[in-house]
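Encoded as structure tokens, the structure appears first; notes follow it.
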Amino acid sequence: MTTYKEIKGDVVETVASDPANPGAGDIWYNTTTGVLKGGEYLAAWSSGGNLPGAKRDGGLGSVGTQDAGLAFGGEPITSDTFEYNGTSWSPGGSMNTGGRSGGSFGPQTAAGTAGRNESVGSTPSTKYEEYNGTSWSEQNDLPTGKRDLAGAGTQTAAVVMGGATTVLVGTADDWDGSSWTAGGSLSTARRNNSGGGTQTAAITSGGVLSYGPPYPPGSNATEEYNGTSWTTGGNLNTGRGISGSSGTQTAFMQSGGDTTFVPSVLTTAAEHYDGTVWVTTASMATARAGFKGTGGTQTAGYVAGGYAPESAATEEFTAAPITRTFTTS
């Protein structure tokens, strides 16, 4: 039988009072009350406002937060941008070069997206654009055109990783606000992976481990970046790609996605990562894939668009920490 120490890497902590904000999976012994307790999230998904147009096929960029989200590009190939206020979507400034499947990051008013397909079947693009809350502006290009990549960070300190050129790649590129430089390469090349965190504490998980058919099942691998090199993290319980993600390296979430690709097998599964292990949380209402980027935090995220089939729906995730007391019978 697996023990708590084997899972978490620690013995059960002893404390005089319960922690104010326990994490999911945390366990402690309260010496004052003489009881064993644990933390978990009371989690649920709810419907948000629909996108003005349905987006699909792994291409819809998504960044920001649950109350200040941004969605852009996607397939059918478009330069459309939409802003979310937690209730409804409204048009924003159009991208200079439309496309799908870029590596995206940042908040609603300071977002970035690098790489993309500018048309179905086109050579992956080197384009990099930034959004200021009103309009997009072109910045210095990526050294190599990529698509199906993931991103993390901000407009002044970002990293994009994985993806495809004309082959599957595991390279990463760092952005300092003015130029791109080569970063540490992933241990495992992948595309349609999820990303989050910061440039010096990034995370990527899941993805497709093949450039073309035949496709293996969706990856369950996680890797973490310290700004220089990548190390292996805990495995997802459900391997998948083209899925939603949100949060940081030590408080990350992955939701929905495609587990097999050809033919597609979509999942409603959502999981939380604490920097060590993945734990299953509340499932989405509708199985779907096709979103690209991050939206929100581990406890307050969203996904929008995707294919299930083609969808304009937005779902919002909310979780609150609660404490449970362990009893015997």
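The values are calculated or read from the model by the stated rules, or taken from the named source; none is laboratory data. Just so it is clear, the model here is predicted, and its values are computed rather than measured. As a convention, Cβ positions derive from the backbone with ideal geometry for all residues, glycine included, and neighbour counts pool all protein chains shown.
Scan A150, A164 and give me the residue that is over 18 Å from G239 (Cβ atoms), crowded, with 23+ Cβ neighbours inside 10 Å and touching a strand residue (DSSP E or B) at 6+ places or on another chain (Cβ under 6 Å).
Result: A164 is the single residue among A150, A164 that is over 18 Å from G239 (Cβ atoms), crowded, with 23+ Cβ neighbours inside 10 Å and touching a strand residue (DSSP E or B) at 6+ places or on another chain (Cβ under 6 Å).
What tally of residues in segment 219-254 results from selecting those that are outside any strand (DSSP E or B) and small (G, A, S)?
Residues that pass the stated criteria total 8.
In segment 285-307, how many are among the aliphatic types (A, V, I, L, M) and under 22 Å from E83 (Cα atoms)?
Residues that pass the stated criteria total 4.
Yes or no: Y225 in the same structural domain as T259 (by TED's automatic domain parsing), surrounded by 23 or more Cβ atoms within 10 Å (Cβ to Cβ) and among the hydroxyl-bearing types (S, T, Y)?
Against the criterion (in the same structural domain as T259 (by TED's automatic domain parsing), surrounded by 23 or more Cβ atoms within 10 Å (Cβ to Cβ) and among the hydroxyl-bearing types (S, T, Y)), Y225 qualifies.
Go through segment 299-329 and give me each residue that's crowded, with 24+ Cβ neighbours inside 10 Å and not in a strand (DSSP E or B).
The answer is G305, G306.
Report those strands (runs of 3 or more DSSP E) wholly inside segment 75-171 carrying at least 2 residues which are not aliphatic (A, V, I, L, M).
Once the strands (runs of 3 or more DSSP E) in segment 75-171 are filtered for at least 2 residues that are not aliphatic (A, V, I, L, M), what remains is 81-84, 89-91, 103-105, 111-116, 125-131, 136-138, 150-153.
Report whether or not T248 is among the hydroxyl-bearing types (S, T, Y), in the same structural domain as N235 (by TED's automatic domain parsing) and under 11 Å from the mean Cα position of the chain (by Cα).
Taking the combined requirement at face value, the residue satisfies it.
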